[in-house]
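Quick notes on the structure that follows.
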Amino acid sequence: MFILLLGAPGAGKGTQGALLAARLGIPKITTGDLLRAAVAADTSLGREAKRHMDQGTLVPDAVVLGLIKDELDAPRAKDGAIFDGFPRTAAQAELVDRTLAERGQRLSHVLLLDVADDELVRRLAGRAGTEGRSDDTPETVRTRLQVYRRETAPLVAHYAQRGAVQRVPATGGVDEVAKEIQRLVGR
Ligand code: AMP
């Protein structure tokens, strides 16, 4: 089962993805975590990624596509995975769609975690205090929300065209949202 989590920064993709991955016993692939690990390890990919992450803009496809391809091709993602934080651009969506199609697989669910803007800003401000992420500052948060609207939100239409998007009202508590996801996924 392949499940794609879509939604703005702060919508709860990481939290809900982790719960879902544990329940279904499949891995969660999170490009943000992979990039943060590359930054921490100070690899050349990490150094290139950091410049963009610190600004709140997307790491270019030229850098990210290879990373995504490696993750999709890894044995652990052979039969199922949760995709968290990607695809974020049309080119990434194309890569994901094509890679699965070549293997005779497809996305089982595309879940759109839907949270109002003021709540997103409130959550990210709270997270800045607890997680200490360098890109949760007010200015970077504003940029990341703009980048989401411009580059990633159009993917909702891409998947909706195939009738594949399930909207999850995600303003409630973690348990409530998890229950709704369980209902939609059927497991
Ligand atoms: P996230 O943890 O998903 O909010 O990602 C944090 C930052 O990592 C983003 O603001 C981007 O700079 C970068 N990033 C994460 N995933 C991607 C991706 N799929 N494509 C491009 N940039 C990404």
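Rule-based calculations on the coordinates, nothing more; no lab input. Just so you know, these numbers come straight off a predicted model, no measurement behind them. Here the Cβ is made from the backbone with ideal geometry for all residues, glycine too, and neighbour counts use every protein chain on show.
Would you mind calculating the gained length between Lys78 and Ala157 on full extension (0.36 nm times residue separation, minus the Cα-Cα distance), in nm to one decimal? Spell out each step's value before the answer.
Working: separation 79, 0.36 × 79 = 28.44 nm, distance 2.68 nm.
Between Lys78 and Ala157, full extension yields 25.8 nm more.
Give me the distance between the Cα centres of segment 170-187 and segment 53-122, rounded to whole Å.
21
Quick one: dipole size for segment 2-182, taken about the Cα centre, charges +1 on Lys/Arg Cβ and -1 on Asp/Glu Cβ, in debye to the nearest 20. All intermediate terms of the calculation are to be shown ahead of the outcome.
Details: 25 positive and 25 negative charges, 35 e Å.
Its charge dipole is roughly 160 debye.
Number of Lys-Lys pairs in segment 2-182 under 26 Å by Cα, sequence gap 8 or more or different chains?
For segment 2-182, qualifying lysine pairs total 11.
Residue farthest toward the positive end of the dipole of the chain, with Cβ of Lys/Arg at +1 and Asp/Glu at -1: which of Val141, Ile26, Ala153?
Sorting the options by dipole projection puts first Ile26.
Under the rule of -39500 (n - 2.57) per DSSP H run of 4 or more residues, summed and divided by the residues of the chain, what mean residue ellipticity at 222 nm is obtained, to the nearest 500 deg cm²/dmol?
On the way: 9 runs with 104 residues, N = 187.
Helices in the chain give a 222 nm mean residue ellipticity of -17000 deg cm²/dmol.
Taking only C-alpha pairs under 8 Å that are 6+ residues apart, what is the relative contact order of segment 14-79 in percent? Provide the component values of the computation, followed by the final result.
On the way: 31 pairs, mean separation 15.1, N = 66.
Computed value for segment 14-79: 23 percent relative contact order.
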